[in-house]
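Peer 1: Attaching a single structure in structure tokens format; questions to follow.
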Amino acid sequence: MRLYQIPKPEGIDSLLLREAPMPKPGRGQVLVRMRAASLNYRDLMVLTGRYARGAPLPDLVPLSDGAGEVAEIGPEVTRVKPGDRVAGIFMQSWLGGEAEPADAASSLGGAIHGVLAEYAVFEQTGLVHLPAHLSFEEGATLPCAAVTAWNALYGGRPLIAGQSVLVLGTGGVSVFALQLAHAAGARVIATSSSDAKLARAKALGASDGVNYRQQPEWQQAVLALTGGRGVDHVVEVGGPGTLPRSIEAARPGGQIHLIGVLAGPAGEINPTTAMRKGLILRGIYVGSRQMFEAMNQAIALHRLHPVIDRVFDFEAAREAFRHLQGQTHLGKVVVRIQ
Ligand SMILES: NC(=O)c1ccc[n+]([C@@H]2O[C@H](COP(=O)([O-])OP(=O)(O)OC[C@H]3O[C@@H](n4cnc5c(N)ncnc54)[C@H](OP(=O)(O)O)[C@@H]3O)[C@@H](O)[C@H]2O)c1
């Protein structure tokens, strides 16, 4: 079988397509014939050596997000059977409750080998069934970006119909947050660098759009749209570069879901405004299997379809990474495996 490996994380060209022996599932394990995988910003960080805390795993197989069908099961496997359509969970050991530090050591395509491969072996506990109405390509977009958006909206003090949600940009996490919040009856305000993307965000259910390039003080526009009060939730994917404005854009007692670092990993934050407004700042690290399964129920109920920007062939995985890096996408970038 073929798989991609990263011998040294030195950029997109360090991604190599190689042959490897067919893996065999052991006790409690499942061999999955991978059909599709999807990319996250995090995978670019992995590929450029900006992600791993310690030394990266030698010849790491990249990507956390993939879907496929069960090809073979090992002894004592009861959760799935051959032919089942499944996806891996981001942290293989985080099944429910709060994440423990050890769970981070089970993240696919980071701490352990990932899914950009024709076949992969998972512990049976590390899989969920795909919603029946989704293709493998759509299912492959769920494990990181969608579960992160779900955790933001429902993992803390849950979103309530009629509340407002601000999503920053139109990348994978933000578009899932838009779709899930819209399905829940919330008002969604989206920001983007592009008017064309804002038009598409509105077609997906956003009620308002703010171009953060044209309006660098975009938090003022968000306040104006909410009668000066601010939004109930901010899906914060920018990090220190956007957080001060997100704090201003949140209503008193609102929640800011700390997710990403798209606007740079470092910067100074003055907590005074957050303190005076009684904001809840909640860190998010993807989510558990329990959250993934709850989200899948909602996706199935509302027949939501993930927004796929472009699908690349397996042999063109490097092009997929370049496309993600270019940030012209809206939603998810997918690799079709077989
Ligand atoms: N904590 C977690 O568990 C977790 C999970 C998933 C992702 N993340 C993090 O969340 C972030 C988003 O991940 P992703 O995979 O969704 O990324 P992505 O798909 O690569 O998002 C790219 C988009 O983000 C928008 N963007 C870039 N810079 C921006 C800025 N300064 N302000 C507002 N929007 C900006 C742009 O949208 P426009 O072109 O529309 O402006 C861009 O196209 C990343 O930092 C990622 O590492 C964290």
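The values are calculated or read from the model by the stated rules, or taken from the named source; none is laboratory data. Quick caveat: nothing in here was measured; it's all calculated off a predicted structure. Positions of Cβ are backbone-derived with ideal geometry, glycine not excepted, and every protein chain shown enters the neighbour counts. Ligands, DNA and RNA are stripped out before the accessible areas are found, and what is left, the full protein with its side chains, is counted by its heavy atoms. Shrake-Rupley method; radii C 1.70, N 1.55, O 1.52, S 1.80 Å.
Peer 1: Expressed as an acute angle from 0 to 90° and rounded to the nearest 10, what is the orientation of the C-alpha long axis of helix 289-302 relative to the principal long axis of the chain?
Peer 2: 70
Peer 1: Let me ask another. Relative to the longest principal axis of the chain, what angle (0 to 90°, nearest 10) does the C-alpha long axis of helix 172-183 take?
Peer 2: The answer is roughly 70 degrees.
Peer 1: Here is a further query. Please report the relative contact order for the chain, taking Cα pairs under 8 Å with a sequence separation of at least 6, and give it as a percent rounded to a whole number.
Peer 2: 19
Peer 1: What's the magnitude of the charge dipole for the chain around its Cα centre, counting Lys and Arg as +1 and Asp and Glu as -1 at the beta-carbon? Answer in Debye, nearest 20.
Peer 2: With only Lys, Arg, Asp and Glu charged at Cβ, the dipole is about 560 debye.
Peer 1: Pairwise over distinct Cα atoms, reciprocal of the mean inverse distance: report the Kirkwood radius of segment 86-132 in Å, one decimal place.
Peer 2: Computed over segment 86-132, the radius equals 11.3 Å.
Peer 1: Could you give the radius of gyration (one decimal) and Dmax (whole number) of the Cα atoms in segment 188-338, in Å?
Peer 2: For segment 188-338, the Cα-based Rg and Dmax read 17.3, 54 Å.
Peer 1: For segment 258-320, rounded, prolate or oblate, judged on the Cα gyration tensor with a ≥ b ≥ c (square roots of eigenvalues), a/c < 1.5 rounded, else prolate if a/b > b/c?
Peer 2: Oblate, because a/c is 1.5 or more while a/b does not exceed b/c.
Peer 1: Which of the aspartates and glutamates could a cross-linker span from K202 if the Cα-Cα distance has to be under 18 Å and same-chain partners fewer than 8 positions apart are dropped?
Peer 2: Reachable aspartates and glutamates: D309.
Peer 1: Once amide H atoms are placed 1.01 Å from N in the peptide plane, what residues at a sequence separation of 5 or more from Q215, or on another chain, have their amide H within under 5 Å of its amide H?
Peer 2: none
Peer 1: In the chain, carbon and sulfur make up what percent of the accessible area (probe 1.4 Å)?
Peer 2: Solvent-exposed carbon and sulfur of the chain make up 53 percent of the total.
Peer 1: Can you work out ³J(HN,Hα) from phi for every residue in segment 313-318, in order, using Karplus 6.51 cos²θ - 1.76 cosθ + 1.60 and θ = phi - 60°, giving whole Hz and x for Gly and Pro?
Peer 2: 6, 3, 5, 9, 4, 4
Peer 1: If packing is taken as the mean number of other Cβ atoms within 10 Å per residue, what is the order of 182-193, 107-118, 122-133, highest first?
Peer 2: Per-residue Cβ counts within 10 Å, averaged per peptide and sorted highest first, yield 107-118, 182-193, 122-133.
Peer 1: Continuing with this model, one more query. For a 22 Å ceiling on Cα separation, which of these pairs sit above it: K197/K277; K81/K332; K24/K81?
Peer 2: Exceeds cut-off: K197/K277; K81/K332.
Peer 1: 7 Å from Cα along Cα→Cβ at both I160 and H133: what's the point-to-point distance in nm?
Peer 2: In this crude spin-label approximation the distance works out to 2.8 nm.
Peer 1: Right, here's the next one. Please name which of G241, S194, A300 has its Cα lying farthest along the dipole of segment 187-338 towards the positive end, using unit charges on Cβ (Lys, Arg +1; Asp, Glu -1) and the Cα centre as origin.
Peer 2: Towards the positive end, the residue furthest out is A300.
Peer 1: Hey, another quick one. Can you give the charge dipole size of segment 82-211 about its Cα centre, rounded to the nearest 20 debye, using +1 on the beta carbon of Lys and Arg and -1 on the beta carbon of Asp and Glu?
Peer 2: Roughly 560 debye, rounded to the nearest 20.
Peer 1: With each pseudo-label sitting 7 Å past Cα toward Cβ, what's the I269-L16 distance in nm, one decimal?
Peer 2: 4.0
Peer 1: Let me ask something else. Rounded, prolate or oblate: which fits segment 36-159 when a ≥ b ≥ c are the square roots of the eigenvalues of the alpha-carbon gyration tensor, with rounded for a/c under 1.5 and prolate only if a/b beats b/c?
Peer 2: The shape class here is rounded.
Peer 1: Rg/Rh for the chain: what does it come to with C-alpha atoms and Rh from Kirkwood?
Peer 2: Computed over Cα atoms, the ratio is 0.97.
Peer 1: Could you tell me the convex hull volume per residue, in Å³, taken over the Cα atoms of segment 173-244?
Peer 2: Dividing the Cα hull volume of segment 173-244 by its residues yields 86 Å³.
Peer 1: Hey, another quick one. From a point 7 Å beyond the Cα of A196 in the direction of its Cβ, which residues of segment 313-338 have a backbone N at a distance under 20 Å?
Peer 2: Answer for segment 313-338: 320-334.
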